[in-house]
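The next block holds one structure in the form of structure tokens; read it before the comments.
The values are calculated or read from the model by the stated rules, or taken from the named source; none is laboratory data. Remember, predicted model here, so these are calculated numbers, not experimental data. Cβ atoms come from the backbone with ideal geometry, glycine included; neighbour counts cover every protein chain shown. Surface accessibility is based on the protein's heavy atoms, side chains included, excluding ligands, DNA and RNA. Shrake-Rupley method; radii C 1.70, N 1.55, O 1.52, S 1.80 Å.
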Amino acid sequence: MTMLHPQARALLDLMIERQVPPLDTLSPEEARKAYLGRKALTQPDPPAVASSEDLTAPMPDGRLMVMRVIRPLGSCATETLPALVFFHGGGWTIGDLDTHDTLCRELANGAGCAVVSVDYRLGPEHRFPCAVEDAFDATTWVLRHADVLRLDPNRVAVGGDSAGGNLAAVAALMRRDAGDDLPPLAFQLLIYPATDMRRTSPSHERNGQGYLLTRQTLQYYRDHYMGPQGSDEDWRASPLLHPDLTGLPPALVLTAGLDPLCDEGHQYAQRLSESGVACSCLSFVRQLHGFILMGRVLEEAHDAVASCAAALKRALAVRCDALSTPR
């Protein structure tokens, strides 16, 4: 039987003691405030970076999307950097650029790359497939404007945690099939990704109560994101159900052992490997969903961030070397 890390147990006990309400008992507006408010209690202080700038980018349909461009400590303003296009977690309902700013800074510094964090549309105000469209459009915009952003378009990765991992995986599939003249993506960083909206894998039953993210919370997120008309079997919501995962960029799939999403993360990693995609799967077996953000109270969060940054740095360096090798 898998045991919960003592620090994670202490966190859960403290939440019970302080009667912290489950997010699924709150309205989306209240849940967003509560999620942001937890940052000061569980996240480490944001590290210094070379620069952090919010920009507004026009999308094909005329919408304006906000992105935060973080450049790593030690880089200069004119240097062309590899980049990670990052999508925050939060069940497609909560979360924003600020809830994940510390993680994005950590990844930028650890990987030596720029991080472009995307403020995509959330449900229930903007239901599926709005977030999917935003993920694809933002990734495409970064590739097309890499020169203006001082980024290398041949070394652009996508990534995210939870719902953001879902969007990163879907964006990678859509970019593979885009049929335009832009370079292929170099890497996928999928942190405990949601890959199957049907929520039928055994870990949903095994870890569905008592470990922070519950079946009820997942249903809350699903309903706000998909609405009554959305199909859980649409691969844009459930990338695990896409019939063809060949030709995708290399990936790291990170999972938490006591997360309802654990099994579907492993299943997606296995499908990638079976499809000929270079994919590593790293599991923190004693941890909860969301733990990578909680470095103030969970020491293993730092190990997880370091592992993600190292994999990202290695993948982008390999991509660069491969492109410069004479044929």
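Pairs needed: first member in region 14-38, free of Cβ contacts under 8 Å to residues at least 12 places away in the same chain; second member anywhere, open to solvent by less than 60 Å² (accessible area, probe 1.4 Å); C-beta distance under 6 Å; at least 6 residues apart or different chains.
Partner pairs satisfying both residue conditions: none exist.
Being touching a Lys or Arg at 6+ places or on another chain (Cβ under 6 Å) and open to solvent by 10 Å² or more (accessible area, probe 1.4 Å) is the filter here; which residues of region 195-214 pass it? Walk me through it before giving the result.
Of region 195-214, the ones touching a Lys or Arg at 6+ places or on another chain (Cβ under 6 Å) are 208.
None - no residue of region 195-214 is touching a Lys or Arg at 6+ places or on another chain (Cβ under 6 Å) and open to solvent by 10 Å² or more (accessible area, probe 1.4 Å), so the list stays empty.
Looking at region 243-264, is at least one residue modelled with pLDDT of 95 or more, in contact with an Asp or Glu (Cβ under 8 Å, 6 or more places away or on another chain) and of a type in the set (S, T, N, Q)?
Scanning region 243-264 turns up no residue that is modelled with pLDDT of 95 or more, in contact with an Asp or Glu (Cβ under 8 Å, 6 or more places away or on another chain) and of a type in the set (S, T, N, Q).
Select from region 226-239 the residues that are within 16 Å of the chain's Cα centre (by Cα) and open to solvent by less than 60 Å² (accessible area, probe 1.4 Å) and list them in ascending order.
Initial filter on region 226-239 (within 16 Å of the chain's Cα centre (by Cα)): 236-239.
Once the filter is applied, which keeps residues that are within 16 Å of the chain's Cα centre (by Cα) and open to solvent by less than 60 Å² (accessible area, probe 1.4 Å), region 226-239 yields 237, 238, 239.
Mind checking which helices (runs of 4 or more DSSP H) fall wholly inside region 122-229 and carry at least 3 residues that are free of Cβ contacts under 8 Å to residues at least 40 places away in the same chain? Quick ask: steps written out before the conclusion?
Numbers: elements: 130-144, 146-149, 163-176, 202-206, 215-226.
Ranges flagged: 130-144.
Could you count how many residues in region 249-264 are under 14 Å from residue 169 (Cβ atoms) and open to solvent by less than 30 Å² (accessible area, probe 1.4 Å)?
As a first pass, look at region 249-264 and keep what is under 14 Å from residue 169 (Cβ atoms): 249-255, 261, 264.
Filter once more, so that each one left must be open to solvent by less than 30 Å² (accessible area, probe 1.4 Å): 249, 251-255, 261, 264.
So the count comes out to 8.
Is there a residue being in contact with a strand residue (DSSP E or B) (Cβ under 8 Å, 6 or more places away or on another chain) and either within 15 Å of residue 100 (Cα to Cα) or not basic (Lys, Arg) (or both) anywhere in region 32-47? Give the steps one after another, and end with the answer.
Taking region 32-47 first, the residues in contact with a strand residue (DSSP E or B) (Cβ under 8 Å, 6 or more places away or on another chain) are none.
No, region 32-47 contains no residue that is in contact with a strand residue (DSSP E or B) (Cβ under 8 Å, 6 or more places away or on another chain) and either within 15 Å of residue 100 (Cα to Cα) or not basic (Lys, Arg) (or both).
Being at pLDDT below 95 and in contact with a strand residue (DSSP E or B) (Cβ under 6 Å, 6 or more places away or on another chain) is the filter here; which residues of region 281-327 pass it? Steps first, answer last, please.
Kept after step one, since they are at pLDDT below 95, are these residues of region 281-327: 317-327.
Scanning region 281-327 gives 319, 320, 323.
Looking for whichever is closer than 22 Å to residue 225 by Cβ, of a type in the set (D, E, K, R) and surrounded by fewer than 23 Cβ atoms within 10 Å (Cβ to Cβ) here; the options are 68, 121. Which one fits?
On the way: 68 fails: closer than 22 Å to residue 225 by Cβ.
Only one candidate qualifies: 121.
Mind checking which residues of region 135-151 are under 20 Å from residue 169 (Cα atoms) and of a type outside the set (Asp, Glu)?
If the condition is that a residue be under 20 Å from residue 169 (Cα atoms) and of a type outside the set (Asp, Glu), then 135, 136, 138, 139, 140, 141, 142, 143, 144 are the ones that fit.
Just need a number here: residues in region 98-118 that are open to solvent by 10 Å² or more (accessible area, probe 1.4 Å), in a loop (DSSP other than H, G, I, E, B) and more than 16 Å from residue 151 (Cα to Cα). Write out each step before concluding.
Just the residues of region 98-118 that are open to solvent by 10 Å² or more (accessible area, probe 1.4 Å), to begin with: 98, 101, 105-106, 109-110, 112.
Then drop every residue that is not in a loop (DSSP other than H, G, I, E, B), which leaves 98, 112.
Applying the additional criterion that residues be more than 16 Å from residue 151 (Cα to Cα) yields 98.
Number of matching residues: 1.
How about region 64-77: which of its residues are without any contact (Cβ under 8 Å) to a residue 60 or more places away in the chain and more than 21 Å from the chain's Cα centre (by Cα)?
64, 73, 74, 75, 76
Identify, please: which residue in region 265-286 is crowded, with 20+ Cβ neighbours inside 10 Å and either in contact with a helix residue (DSSP H, G or I) (Cβ under 6 Å, 6 or more places away or on another chain) or of a type in the set (Phe, Trp, Tyr) (or both) and is, among those, nearest to residue 15 (Cα to Cα)? It would help to see each step written out before you state the result.
The initial filter retains those residues of region 265-286 that are crowded, with 20+ Cβ neighbours inside 10 Å, namely 265, 268-269, 272, 279, 284.
Among the residues that remain, those that are also either in contact with a helix residue (DSSP H, G or I) (Cβ under 6 Å, 6 or more places away or on another chain) or of a type in the set (Phe, Trp, Tyr) (or both) are: 268, 279, 284.
On the way: 268: 32, 279: 36, 284: 22 Å.
Filtering first and then ranking leaves 284.
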